[in-house]
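The values are calculated or read from the model by the stated rules, or taken from the named source; none is laboratory data. From a predicted model like this one, the values you see are computed outputs, not experimental measurements. Positions of Cβ are generated from backbone atoms using ideal geometry, with glycine treated the same way; all protein chains shown enter the neighbour counts. Surface areas here come from the heavy atoms of the whole protein model, side chains and all, with no ligands, DNA or RNA. Shrake-Rupley method; radii C 1.70, N 1.55, O 1.52, S 1.80 Å.
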Amino acid sequence: MTRRLFHLFVPALVLAAAAAPAQDRFATETAKALKRFDGIKFGMFIHWGLYAIPAGEWKGRYVRGIGEWIMFRERIPVKEYEQLAGQFNPVKFNGDEWAQLAQDAGMRYMVITSKHHDGFAMFKSAASKYNIVDATPYARDPMKELSAACARRGIDFGFYYSQDQDWHEPGGRGNNWDFPEKRDAQPYLEQKVFPQVKEILSGYGKLGLIWFDTPGMLSEKQVDGLRAQVKTLQPSCLINSRIGHNRGDYAQTGDNAIPIQVYLQDGKWEVPATLNDTWGYKKNDNNWKDPRDLVAKLADIVSKGGNYLLNVGPTAEGVIPEASQKILRSIGKWLEVNGESIYGTSPSPLYFPDITWRVTVKPGKVYLHILNWPGTKLEIQGLESQVKKAWFLANKASVQFSQKGPALALTLPPKPVDPWDSVIVLEIADQQPKIAEGYRAGQLPQRLDLHAWIARLRGEEIRYDWTTASASNFRRFERESNSLAWYPYKSLNGVYDVEITYACDDAIAGSKFRLASERRGAPPDGVIEGVVEGTGGAFVTRKLAGSLPVRPATETITFGLTGDDKSAAVKVRKITLVRRAG
Ligand code: H79
C-alpha cells in the first residue's frame with residue numbers, strides 16, 4: 001500500500017468535527033432533529049453486503065482485519081468480486097425480526113449499509129444494475145421491509161452510504177488495482193452517487209439520518225452539492241460529519257473511539273462501534289464484547305455527551321449471529337430497568353477522576369452509574385446541590401448519605417445491586433446540579449488517570465480483563481499492531497510527566513515500548529520510549545523517564561510494543577498524566 005493512500009484512510013479514524021451544525025436554510029429542521037437524536041442515545045448499526053459471503057476468508061485463506069474490506073485487502077478484481085452477487089440469496093432475512101431485535105435491545109435508531117465501499121447497492125437502484133434486486137437471485141429489496149418494520153416500532157431509520165470510496169467504479173476512490181489512480185469524481189457523482197442518494201431519500205419513508213463515511217477525495221463544492229441534495233429532499237434528515245469538509249450536522253468519533261472525558265466543544269457526537277472486531281460478518285470472529293462492557297460503555301458515552309451506534313453483521317443468509325442477538329437482548333434487559341438514566345439525559349457536569357462512576361442528569365435528578373463497585377463507602381467530590389433523597393433505580397432501596405461541603409459520602413451494600421452498572425438516583429434541590437469550582441467537566445486535575453478500560457483496544461488479539469482491570473496481549477503485526485489508544489479530544493493541553501500502572505512477570509520482561517501523542521499528517525507531538533521491566537508479576541506504578549506533550553490538536557495517545565513480542569503479555573492498567581507546572 002502506498003503512503004499516499006494511507007493518509008487518505010486515516011480520516012475515518014479521527015474525529016471529523018461538525019464544529020457547529022452547518023448553517024443553511026434548513027437550520028430549524030436540523031436543530032429539531034438534533035434534539036431528538038440527542039435523546040435517543042442508542043442505535044443499531046448494520047453492515048450487510050456481499051462481503052458476508054466470503055465472511056473473512058478468500059480462496060481458503062483467513063484474511064485479517066475488518067470483513068467488509070476483503071475486496072480491498074485481497075485486491076479482488078471487480079469482475080471476480082461481482083460474481084458474489086450471483087450467490088447472494090438471503091432467504092432467511094426478516095425485517096421484522098431485525099427491527100424487533102433492535103427494540104428488544106433498547107436501540108432507538110437503526111443505520112444500515114445501503115452501499116458500502118465495495119459499491120454494491122443493497123436496495124433497488126435504477127442508477128446502477130449492481131444492486132440486490134437486479135444482480136442477485138434474491139431479487140427483492142430488503143430495505144423496504146426493514147424501513148417499514150422500524151417505522152412501525154418508532155425506531156428512527158437511516159442509511160449508511162459510502163460516497164467517496166467506491167471500489168466498483170473508476171471514478172470512486174479506493175480501487176487502484178483495476179483502475180488508474182488518477183480520478184475524475186464528477187461523472188461518478190452524477191451517474192451514481194446523486195441518483196442513488198435520491199433513491200434512498202425517496203423510497204423508504206422519513207430518514208432520521210444519512211451516514212456518509214471516509215471522506216477524502218470529494219471537493220468542498222461537491223460535498224456542498226451532496227448536502228444540498230439530502231436537505232432538499234428531507235430537511236430533517238441529519239447528516240453525519242463524515243460527509244467531509246465540516247458539512248455535517250453532528251460528529252463522529254473514530255471507529256470504536258470514546259473520548260477520555262466529557263466532550264461538548266464540537267456539538268453532538270456519536271461513537272460507531274463493533275460488537276467483535278469486524279463490521280461485516282466474519283465467520284471466525286468470536287471476540288465478542290462482554291455485555292457488561294457494553295452497558296458500561298453506553299453509560300460512559302452518554303455521560304460524556306455522545307450516542308452509541310453499535311454494530312451487527314448479518315450473514316449472507318440474512319441472519320444476525322446468535323451471539324450478537326444474545327448480547328443485545330441482555331443489554332436491553334438492563335435498559336428496561338435503567339433506561340430512565342440513559343434516554344433523554346444530559347451529560348455529566350463533573351469530570352471523572354477514574355472509572356468507578358459516571359453521571360447523567362435530568363432536571364432535579366443526578367444519576368450515578370457505578371461501574372466498578374467500590375465497597376461499602378463511596379465519596380463523590382464536587383456536587384454542591386443539596387441531595388434530598390438517594391435510592392437505587394433498580395429496586396428503589398434507599399441509600400444512606402451525608403454531605404459536607406462539596407463532598408457526598410454514600411454508604412453502599414457490600415455487593416452491587418446490578419453487576420454491570422448500579423444506578424443511584426440522587427434527587428437534588430436544584431433543577432440543574434451546582435458544581436464546585438475545580439470539579440467541573442473540563443477542569444481536569446493535575447493528575448489524570450487514563451485507564452485501559454477507556455482506551456480503544458486496537459488489533460484482534462488484545463484483551464481487557466475486568467478482574468485485574470488491565471489490558472494485555474500486545475502482539476505486533478505489520479499493520480494493526482495491538483495497542484491502546486486514548487482520545488483526548490481537546491481536553492488536554494500541556495506537558496505531562498507520565499506514570500504507568502502495570503504488571504509483568506520477570507521472565508517475559510525486556511521488550512521495547514512506545515508511548516506517543518500523535519495527530520494525522522504530522523510528526524508526533526511527543527514520544528516516550530523505554531523497555532518493559534519485570535515487576536515480579538505484581539501491579540506497580542512506575543514513573544517513566546521523559547515527558548509527554550499533549551496539545552488540543554493531539555488526536556491519540558497510544559501505547560504499544562515496538563521491539564519484539566516477548567513482553568506481549570504485560571498487563572497495562574492505566575497511565576497517569578501529571579501536568580507540569582507552567
Ligand atoms: O464501515 C466501517 C468501516 O468499513 C469503515 N468505517 C466503519 C464504520 C472504515 N473505512 N475505513 N476505515 C474504516 C479505516 C480502515 C482502515 C483499515 Fe486497513 C482497513 C485497516 C484495516 C483495513 C487499509 C487496509 C488500511 C490497512 C489495511
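Being touching a strand residue (DSSP E or B) at 6+ places or on another chain (Cβ under 7 Å) and assigned to a loop (DSSP other than H, G, I, E, B) is the filter here; which residues of region 568-582 pass it? Scanning region 568-582 gives 568, 569, 570, 580.
Pick from 389, 415, 404: which is at pLDDT 95 or above, more than 29 Å from the chain's Cα centre (by Cα) and closer than 23 Å to residue 292 by Cα?
415
Put simply, of 487, 439, 464 the only residue that is modelled with pLDDT of 95 or more and open to solvent by less than 40 Å² (accessible area, probe 1.4 Å) is 487. Name the residues in region 213-252 that are in contact with a helix residue (DSSP H, G or I) (Cβ under 9 Å, 6 or more places away or on another chain), among the small types (Gly, Ala, Ser), under 24 Å from residue 183 (Cα atoms) and within 16 Å of the ligand (Cβ to nearest atom), would you? Passing the criteria: 216, 244. A single member of 359, 302, 366 is within 30 Å of residue 248 (Cβ to Cβ), buried (at least 22 other Cβ atoms within 10 Å of the Cβ), of a type outside the set (Phe, Trp, Tyr) and in contact (Cβ under 8 Å) with a residue 60 or more places away in the chain, and it is 302. In the set (1) within 14 Å of the ligand (Cβ to nearest atom); (2) in contact with a Leu (Cβ under 8 Å, 6 or more places away or on another chain); (3) closer than 25 Å to residue 318 by Cα, residue 277 fails one condition alone, (2). Restricting attention to region 54-65, the residues that are surrounded by fewer than 21 Cβ atoms within 10 Å (Cβ to Cβ), in a loop (DSSP other than H, G, I, E, B) and more than 14 Å from the ligand (Cβ to nearest atom) add up to 3. Checked against (1) surrounded by 16 or more Cβ atoms within 10 Å (Cβ to Cβ); (2) on the phi < 0 side of the Ramachandran plot, residue 382 passes all but a single condition, namely (2). What are the residues in region 31-63 that are outside the structural domain of residue 321 (by TED's automatic domain parsing) and within 15 Å of residue 285 (Cβ to Cβ), if any? Passing the criteria: none in range.
When region 302-351 is limited to residues that are under 30 Å from residue 86 (Cα atoms) and of a type in the set (Val, Ile, Thr), the one that is nearest to the ligand (Cβ to nearest atom) turns out to be 312.
Scanning region 477-504 for residues being more than 15 Å from the ligand (Cβ to nearest atom) and of a type in the set (S, T, N, Q) gives a total of 3.
Of the residues that make up region 67-90, is at least one within 16 Å of the ligand (Cβ to nearest atom), of a type in the set (A, V, I, L, M, F, W, C) and closer than 27 Å to residue 326 by Cβ?
yes
Of 276, 287, which residue is open to solvent by 30 Å² or more (accessible area, probe 1.4 Å), outside any helix (DSSP H, G or I) and under 24 Å from residue 456 (Cα atoms)? Result: 287 is the single residue among 276, 287 that is open to solvent by 30 Å² or more (accessible area, probe 1.4 Å), outside any helix (DSSP H, G or I) and under 24 Å from residue 456 (Cα atoms).
Among the candidates 255, 224, the residue that is assigned by TED's automatic domain parsing to the domain that holds residue 171, of a type in the set (D, E, K, R), surrounded by fewer than 20 Cβ atoms within 10 Å (Cβ to Cβ) and over 16 Å from the mean Cα position of the chain (by Cα) is uniquely 224.
Using the structure shown, decide if residue 46 is open to solvent by 50 Å² or more (accessible area, probe 1.4 Å) and within 16 Å of the ligand (Cβ to nearest atom). No; evaluated as a whole, the condition is false for this residue.
Before we move on, is residue 141 free of Cβ contacts under 8 Å to residues at least 60 places away in the same chain, in contact with a strand residue (DSSP E or B) (Cβ under 9 Å, 6 or more places away or on another chain) and within 16 Å of the ligand (Cβ to nearest atom)?
Considered against the rule, which asks whether it is free of Cβ contacts under 8 Å to residues at least 60 places away in the same chain, in contact with a strand residue (DSSP E or B) (Cβ under 9 Å, 6 or more places away or on another chain) and within 16 Å of the ligand (Cβ to nearest atom), residue 141 comes out as no.
The set of residues in region 554-563 being at pLDDT 95 or above and not in a strand (DSSP E or B) consists of 554, 555, 562. (1) open to solvent by 50 Å² or more (accessible area, probe 1.4 Å); (2) without any contact (Cβ under 8 Å) to a residue 40 or more places away in the chain: which one isn't true of residue 409, the others all being true? Going through (1) open to solvent by 50 Å² or more (accessible area, probe 1.4 Å); (2) without any contact (Cβ under 8 Å) to a residue 40 or more places away in the chain one by one, residue 409 breaks only (1). From the list 498, 550, 532, 540, exactly one residue is free of Cβ contacts under 8 Å to residues at least 40 places away in the same chain and surrounded by 20 or more Cβ atoms within 10 Å (Cβ to Cβ). Which is it? It is 532.
Taking the stated definitions as given, is residue 337 out of contact with any Lys or Arg (no Cβ under 7 Å at 6 or more places or on another chain), surrounded by fewer than 17 Cβ atoms within 10 Å (Cβ to Cβ), closer than 21 Å to residue 427 by Cα and touching a residue at least 40 places away in the same chain (Cβ under 8 Å)? So residue 337 passes the test.
Exactly one residue out of 134, 118, 104 is among the acidic types (Asp, Glu) and buried (at least 24 other Cβ atoms within 10 Å of the Cβ): that is 118. Restricting attention to region 553-582, and to residues there that are within 17 Å of residue 482 (Cα to Cα) and of a type in the set (Ser, Thr, Tyr), which single residue is surrounded by the fewest Cβ atoms within 10 Å (Cβ to Cβ)? Step by step, filter region 553-582, then rank; the result is 562.
If you go through region 20-43 and keep only what is touching a strand residue (DSSP E or B) at 6+ places or on another chain (Cβ under 9 Å), more than 13 Å from the ligand (Cβ to nearest atom) and not in a helix (DSSP H, G or I), you end up with 21, 22, 41, 42.
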